[in-house]
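The values are calculated or read from the model by the stated rules, or taken from the named source; none is laboratory data. Nothing here was measured: the structure is a model prediction, and the numbers come from that model. Heads up, the Cβs are rebuilt from the backbone with ideal geometry, glycines too, and the neighbour counts pull from every protein chain shown.
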Amino acid sequence: MYNKGLIVPGLIILVLLVTFPFWFDAFSATKSTDPTVEPPPGGEQHCIYPADEMRAEHMVILNEWRDDVLRNGNRGTVTVDGKVYGKGLQLACMKCHTNKEEFCDRCHTYASVTPYCWDCHLTPTQQKAGLKEAN
Amino acid sequence: MDTKRRTFLKAAGVAALAGISAPAVSKLAEASASAVPAVAENSGGTAGKMRYGMVIDMRKLYDRPDIQEKMAAACRYVHNIPTFDDPKSEIKWIWSAPYEQAFPEQSSTHNADVIEESQFILLCNHCDNPPCVRVCPTQATFKMEHNGIVAMDYHRCIGCRFCMMACPYGARSFNWFEPRPHIAQEINPEFPTRMRGVVEKCNFCAERLARGEKPACQVAAAEVGAIYFGDLNDPESEVRKVLAENPTIQRKPNLGTKPSVFYIV
């Protein structure tokens with residue numbers, strides 16, 4: 001091989017540069033940036049479904065509830081741990097997850113999704129303090 | 001050969017004409033067979049179906065603008081309705097208007113003084129044959145089959161305002177502005193607000209009825225007992241009894257919308 005002295009170190013430098021993100025991440029002390037959400041402040045342990053399922057399916061469940069309540073005339077209730085909730089974002093979800101900013105927003109911001117829920121529905125802070133004081 | 005060229009050409013001409021006109025003839029025949037008026041299906045069977053309706057006894061509200069305002073205020077609170085001073089942008093679920101505006105078809109030159117001087121309380125008529133539902137391109141407004149309420153799904157409304165054009169009663173309002181800063185009263189934490197760019201209207205308090213409560217305006221007018229509410233399809237219901245005992249009028253009945261709100265004047 002001609003120019004061995006140049007090519008081999010050059011290749012090593014190239015490989016190091018290309019794999020830089022991997023080993024930098026492996027050896028540096030920075031922690032994972034995956035969002036962590038806070039559990040309900042009230043200490044409730046169970047949701048209507050297990051946590052993984054809720055994480056993956058909550059948007060589908062909300063859409064189903066919306067159609068049930070508004071269109072199909074099925075404004076039933078959901079019971080979790082003996083407590084009865086009306087179907088709905090304001091009537092059920094936010095009763096336990098009163099920390100919208102630490103619960104909903106953390107993941108939504110991370111995933112860069114902007115659901116339009118809060119254009120109309122009231123956040124727990126708004127529900128408690130009124131619109132003017134909360135904004 | 002027997003066939004002369006002349007007769008052959010005649011026969012060919014007739015056959016060609018028949019061939020060309022056959023599709024048109026069969027289309028015409030089809031059309032006349034299915035020429036049943038489209039409106040008729042709405043007046044179909046009512047068995048087992050509910051249809052909520054309201055009777056407003058105006059005799060108890062004639063000189064009571066205070067009660068009418070109380071009804072409107074109750075509705076504003078329950079549904080987080082904003083208040084706009086400009087009549088072009090105001091949001092109306094329940095409102096008051098003079099007789100000639102409320103009942104333009106029934107007005108006459110010599111009405112009773114009390115009718116001329118009073119305001120009439122108006123709201124969505126929750127028509128049995130609602131024109132707003134017919135024009136909605138997204139089915140954001142629809143008639144609930146199980147109780148007859150003309151409801152709205154604000155999630156779907158694209159703000160085209162066809163329904164506002166279609167409604168002959170002015171019962172629909174458009175949110176020209178972000179409504180939240182204009183909610184003057186205390187907020188009802190159990191009900192959402194709306195957003196800019198959607199149409200809104202009275203929902204007959206569907207959310208309260210589902211909880212077994214009465215409509216908010218009926219509760220607000222309870223001290224004079226001016227509002228009766230119930231199932232128009234149930235002959236034993238209170239509204240049907242009131243309707244049977246009192247002469248009532250509806251708003252613009254000749255349009256064929258079949259309003260569910262009746263007035264005793």
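I need the full set of residues from region B:194-207 which are more than 9 Å from chain A (Cβ to nearest Cβ) and not in a loop (DSSP other than H, G, I, E, B), in order please. First the steps, then the outcome.
Of region B:194-207, the ones more than 9 Å from chain A (Cβ to nearest Cβ) are B:197, B:199-205.
Of everything in region B:194-207, those that are more than 9 Å from chain A (Cβ to nearest Cβ) and not in a loop (DSSP other than H, G, I, E, B) turn out to be B:VAL199, B:GLU200.
Would you be able to say whether some residue in region B:214-229 is in contact with an Asp or Glu (Cβ under 7 Å, 6 or more places away or on another chain) and more than 14 Å from chain A (Cβ to nearest Cβ)?
Of region B:214-229, the ones in contact with an Asp or Glu (Cβ under 7 Å, 6 or more places away or on another chain) are B:226, B:228.
Narrowing further to those that are more than 14 Å from chain A (Cβ to nearest Cβ): B:226, B:228.
Checked against the condition, which is being in contact with an Asp or Glu (Cβ under 7 Å, 6 or more places away or on another chain) and more than 14 Å from chain A (Cβ to nearest Cβ), region B:214-229 yields at least one hit.
Please enumerate the residues belonging to region A:46-86 that are away from chain B (no Cβ under 14 Å) and of a type in the set (A, V, I, L, M). Write out each step before concluding.
To start, the set of residues in region A:46-86 that are away from chain B (no Cβ under 14 Å) comprises A:46-58, A:60-61, A:78-83.
Result: A:ILE48, A:ALA51, A:MET54, A:ALA56, A:VAL60, A:ILE61, A:VAL78, A:VAL80.
In this structure, does A:LEU62 turn out to be within 17 Å of the chain's Cα centre (by Cα) and either over 28 Å from B:GLN139 (Cβ atoms) or surrounded by 11 or more Cβ atoms within 10 Å (Cβ to Cβ) (or both)? Let's see the steps before the verdict.
Details: within 17 Å of the chain's Cα centre (by Cα): yes; either over 28 Å from B:GLN139 (Cβ atoms) or surrounded by 11 or more Cβ atoms within 10 Å (Cβ to Cβ) (or both): yes.
It is true that A:LEU62 is within 17 Å of the chain's Cα centre (by Cα) and either over 28 Å from B:GLN139 (Cβ atoms) or surrounded by 11 or more Cβ atoms within 10 Å (Cβ to Cβ) (or both).
Listed residues B:HIS155, B:HIS182; which is within 19 Å of A:ARG71 (Cβ to Cβ) and either out of contact with any Lys or Arg (no Cβ under 7 Å at 6 or more places or on another chain) or free of Cβ contacts under 8 Å to residues at least 60 places away in the same chain (or both)? Walk me through how you get there before you give the answer.
Details: B:HIS182 fails: within 19 Å of A:ARG71 (Cβ to Cβ).
Checking each option against the conditions leaves just B:HIS155.
Against the definition (over 24 Å from B:ARG156 (Cβ atoms), away from chain B (no Cβ under 14 Å), surrounded by 14 or more Cβ atoms within 10 Å (Cβ to Cβ) and free of Cβ contacts under 8 Å to residues at least 40 places away in the same chain), how does A:ASP105 come out, yes or no?
Details: over 24 Å from B:ARG156 (Cβ atoms): yes; away from chain B (no Cβ under 14 Å): yes; surrounded by 14 or more Cβ atoms within 10 Å (Cβ to Cβ): yes; free of Cβ contacts under 8 Å to residues at least 40 places away in the same chain: yes.
So A:ASP105 passes the test.
Which residue out of B:PRO168, B:PRO131, B:PRO137 is in contact with a Leu (Cβ under 7 Å, 6 or more places away or on another chain) and farther than 30 Å from A:CYS93 by Cα?
Numbers: B:PRO131 fails: in contact with a Leu (Cβ under 7 Å, 6 or more places away or on another chain); B:PRO137 fails: in contact with a Leu (Cβ under 7 Å, 6 or more places away or on another chain).
That would be B:PRO168, the only listed residue that is in contact with a Leu (Cβ under 7 Å, 6 or more places away or on another chain) and farther than 30 Å from A:CYS93 by Cα.
What is the one condition in (1) more than 11 Å from chain A (Cβ to nearest Cβ); (2) surrounded by 15 or more Cβ atoms within 10 Å (Cβ to Cβ); (3) in a loop (DSSP other than H, G, I, E, B) that B:PHE191 does not satisfy?
(1)
Just for region B:173-188: of the residues that are at the interface with chain A (Cβ under 8 Å from one of its Cβ atoms) and among the hydrophobic types (A, V, I, L, M, F, W, C), which one is farthest from the chain's Cα centre (by Cα)?
Among them, the one singled out is B:ILE187.
For the list (1) surrounded by 10 or more Cβ atoms within 10 Å (Cβ to Cβ); (2) in a helix (DSSP H, G or I); (3) at pLDDT below 90, I need the number of the one condition that B:GLN68 fails.
All conditions pass for B:GLN68, except number (3).
So which strands (runs of 3 or more DSSP E) are wholly in region B:112-160 and hold at least 1 residues that are of a type in the set (A, V, I, L, M, F, W, C) and away from chain A (no Cβ under 14 Å)?
On the way: elements: B:119-123, B:141-143, B:150-152.
Those strands (runs of 3 or more DSSP E) span B:119-123.
Scan (1) modelled with pLDDT under 95; (2) in a loop (DSSP other than H, G, I, E, B) for the single condition B:PRO181 breaks and write down its number.
Here B:PRO181 meets the rest and fails (2).
Of these, A:TYR116, A:TYR85, which one is surrounded by 12 or more Cβ atoms within 10 Å (Cβ to Cβ) and aromatic (Phe, Trp, Tyr)?
Answer to the selection: A:TYR85.
Among residues belonging to region B:218-262 that are assigned to a strand (DSSP E or B) and in contact with a Lys or Arg (Cβ under 8 Å, 6 or more places away or on another chain), point out the one that is surrounded by the fewest Cβ atoms within 10 Å (Cβ to Cβ).
Ranking the candidates gives B:ASP231 first.
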